[in-house]
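A short write-up of the structure that comes next.
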Amino acid sequence: MTTAFQPHNIPHRAKRILPIPHEFDEAAIRYQLLTDLLNMAVVKSAIVSIDLETTGLDPYTSRPTLIGLSADGFKVLLLTHEDMQNEAVRLRFNKLMASQDVRKVFHNAKFDLKFLMHHYGTKPENVDCTYVMRRMLVAGLQGKEATLNACAYDYLEYAMDKSVREEFIGNTVMTEAMLKYAAIDVAATWHIYPILRKYIEIEQLHLCYDLIERPLVRVVAEMELRGVGVDLEYLQKLQKLLEAKTKKAQAELDATLRILGLAVAETKKLKENEKTPAQILAGITHVRDWKSFNVNSPKQVVETLNAVGFELESASADVLENPYWTRASLDRGRKLMKADLSDDEVLIRGRDLIRRVQDLRAARKALNAFIEPMQGKYLHQVTGRIHCSFSQLGTDTGRFSCSNPNFQQMPSERKNAVFDGLSFRNAFAPSPGMGLIVFDYQACELRIAAEISRDPGLLEAIKFVDPKTGKSDPHTPNAAIAYGVPTDQVTKEQRVNIKTAIYTIIYGGSAFTVAAALRIPVSQAQAFMDLIFTNFPGITQMIEVRRRFVREKGYCVSLSGRKRYFDMPRFQGDNREFDKAMRAVERRGQNTPIQATNADITKYAQVLLRPLLEEFGAHQLLSVHDELVIECPLEVIEACTEVVKSTMLKAEREFLRHAESAVSGGWGLTWEH
């Protein structure tokens, strides 16, 4: 590999040597405002860069102020919002946007497309996004931003002055400085695009970009613009339930800590309306009370859990899932509990306390991050719907991230007992006359592991269908192989044990992780993992191959060719620290291709579905992990359901050529049906 074709994870001390030269020159940029339709001729080209300036960030409460277009990176045509009210101008612009012959290049296309679709009825086709391209090229690398400013600096050696941007907010009067700023954004995007395109081809990311990420931009823009409806009465019902449950759970946790001698006392000053008649007569102004335990205080959680037998340095969710302990910490817990307990008994009591902390945290999070704000700040004042923000490359594995609210972390009644059987997902409501089609991929990551490893046992297991339920169930035959018993003799406990052990191994976890998940001794957890290594040799080989690959290359690859790069550790005289850092990279290099391929499959399904859903008058509302939620008119919902199912299977089969594909779902008037 020559210096010119260096990947982005190789630092360059001086300016980057580009695979192709650029001709960007700020002094050569010329802009003009629209005077008549003949001006539009400036955008007749195979590639046109486009950029919008807007009065705000919300297309429903803000509007475009300028639309800049350039066909050569030097001459820029600036259209105002007032120009776009002219039907002839708007038709000419929308014809350009709908043309398959002209490539329209944006930076952060999702943002601009939402404004164009909402304000001008634009139907975009053949759109590129330099933001998405850059994110693909620097996935996993620290400090590698994908802003237009970062791209201009890295590829054009140009530092953009973004201070003028703030002048557009709430302002419809354009100054010369604002017009020049808008023109530079358009021109820079035009010059950056061919450089990024070349890098995409050099890094062999073109299939992933062209087939998945590039067409997905419109899917995400439409999904955000449409939003999702909610049942406010149902949310209020959930709120009352969780408020009562959290109050009870907090009281029970506080009582347990008082019994253990871990509660903290405090002197509380009584308000006048809090005093009893006896206290008033006695002149009592203060009482001794107990502080309520704060499950969201890392300091309190760490100190309390360490007292009952653990050795924690953090109270993060990951740490609580796999709590560390030592011989000394177990002795400390035994002494506190004042009982002759075995190590396992100490851990069982300690993990019960962890579970209470986790459940109370989950309930509080459900209330504070979802249920309450979904009735208030997240409920759009114009549409009455919730418009969360999806980032299609929000994670280094290529999976979506989501915010305002983060539906990727929505509460789960399956994981959290606090819901008393009620489903949070049923708070989402279809529009009148519509129903919801919901499908997700079944055991998708296990199927991907089977595809990559080609392990005969795994490949056979994922074909298994439970004769009682008629649903795919790869975990029962996996347990049968591991324990050496027929599938009809596999117990529920054996199935859970092997399922947990397999996923832990695939994700790069340890016996400690399995022990924490199953609440069993580490030695027993290790025995389960040994069963997997012995009976599924393809998994062992897959792990070794993937770890060696990332050590040698500095990146890992999904089945679509998507790459995640790593800032590889450098030896600085401490073998222990270097080995620890390298093992962390190897673990991520082992599991990222599986997670990334899962993202590839789900995203590709959305790309395939978009034009098909249009034929039914249906549209996608949400993408949550590998689950899709689609709104469809009731009169065609059964036919549309079959199309959704077959298309999702088609997308999965594009990647899984040896492993059996499977989805589950259907349609109804609520999400959980």
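Numbers below:
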| item | result |
| --- | --- |
| Exposure ranking of K499, K248, K180 by accessible area [1.4 Å probe, largest first] | K248, K180, K499 |
| Pairwise label distance in nanometres, N322 with A150, each label 7 Å out on the Cα-Cβ vector | 2.8 nm |
| Rh (Kirkwood; distinct C-alpha pairs) - the chain, Å | 28.5 Å |
| Cross-link partners of K44 among aspartates and glutamates (Cα-Cα below 15 Å; sequence separation of 8 or more within a chain) | D72, D101 |
| Magnitude of the charge dipole, the chain, Cβ model with Lys/Arg +1 and Asp/Glu -1, debye to 20 | 1400 debye |
| Extension gain from D466 to A251, taking 0.36 nm per residue of separation minus the Cα-Cα distance | 73.1 nm |
| R0 of 51 Å, Cβ-Cβ distance A98-K553: FRET efficiency to nearest 0.05 | 0.80 |
| Estimated distance in nm for a label pair at A369 and S292, the labels positioned 7 Å out from Cα along Cα-to-Cβ | 2.0 nm |
| Largest-first principal axis extents of the Cα set of segment 559-616 (Å) | 63, 14, 14 |
| Surface accessible to a 1.4 Å probe, per residue, for the residues of the chain, Å² | 47 Å² |
| Kyte-Doolittle at least -0.5, axis length at least 27 Å by Cα - qualifying DSSP helices, the chain | 176-202, 232-259, 637-655 |
| Theoretical FRET efficiency, 1/(1+(r/R0)^6), r = Cβ-Cβ of A265 and F533, R0 60 Å, to 0.05 | 0.70 |
| Nonlocal amide H pairs with V76, under 5 Å, H built at 1.01 Å | R30, Y31, Q32 |
| The chain, accessible surface, carbon-and-sulfur percent (1.4 angstrom probe) | 51 percent |
| Full-extension gain in nm, D340 to S646, via 0.36 nm per residue minus C-alpha separation | 104.2 nm |
| Protection-proxy order for peptides 305-318, 231-244, each taking the mean of Cβ atoms within 10 Å per residue, highest first | 305-318, 231-244 |
| Whole-number percent relative contact order across segment 492-556, with pairs defined as alpha carbons under 8 Å at least 6 apart | 26 percent |
| Within segment 329-415: Cβ-based charge dipole about Cα centre, in debye rounded to nearest 20 (Lys, Arg +1; Asp, Glu -1) | 220 debye |
| Selected from V230, P521, A450, residue furthest toward positive end of dipole (the chain; charges at beta carbon) | P521 |
| Environment charge at T670 (Cβ cut-off 10 Å; Lys +1, Arg +1, Asp -1, Glu -1) | -1 |
| Estimated FRET transfer efficiency (E176, Q381; beta-carbon r; R0 25 Å; 0.05) | 0.10 |
| Surrounding net charge for G561, when Lys and Arg each add one and Asp and Glu each subtract one, Cβ distance under 12 Å | -2 |
| Gyration tensor verdict on segment 329-400 (Cα atoms; rounded if a/c is under 1.5, prolate if a/b is larger than b/c, oblate otherwise) | oblate |
| Charge tally in the Cβ shell below 11 Å around T395, where Lys, Arg are +1 and Asp, Glu are -1, T395 excluded | +2 |
| Set of lysines with alpha-carbon distance to K463 below 16 Å, sequence-local pairs under 8 removed | K471, K499 |
| Gain in span if fully extended, Q489 to F578, counting 0.36 nm per residue against the direct Cα distance | 27.4 nm |
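The values are calculated or read from the model by the stated rules, or taken from the named source; none is laboratory data. Since the structure is predicted, the reported quantities are computational estimates derived from the model, not experimental observations. Here Cβ is always computed from backbone atoms with ideal geometry, including for glycine, and neighbour counts include all displayed protein chains. The protein model used for the area step is the full one, side chains on, heavy atoms only, and it has no ligands, DNA or RNA in it. Shrake-Rupley method; radii C 1.70, N 1.55, O 1.52, S 1.80 Å.
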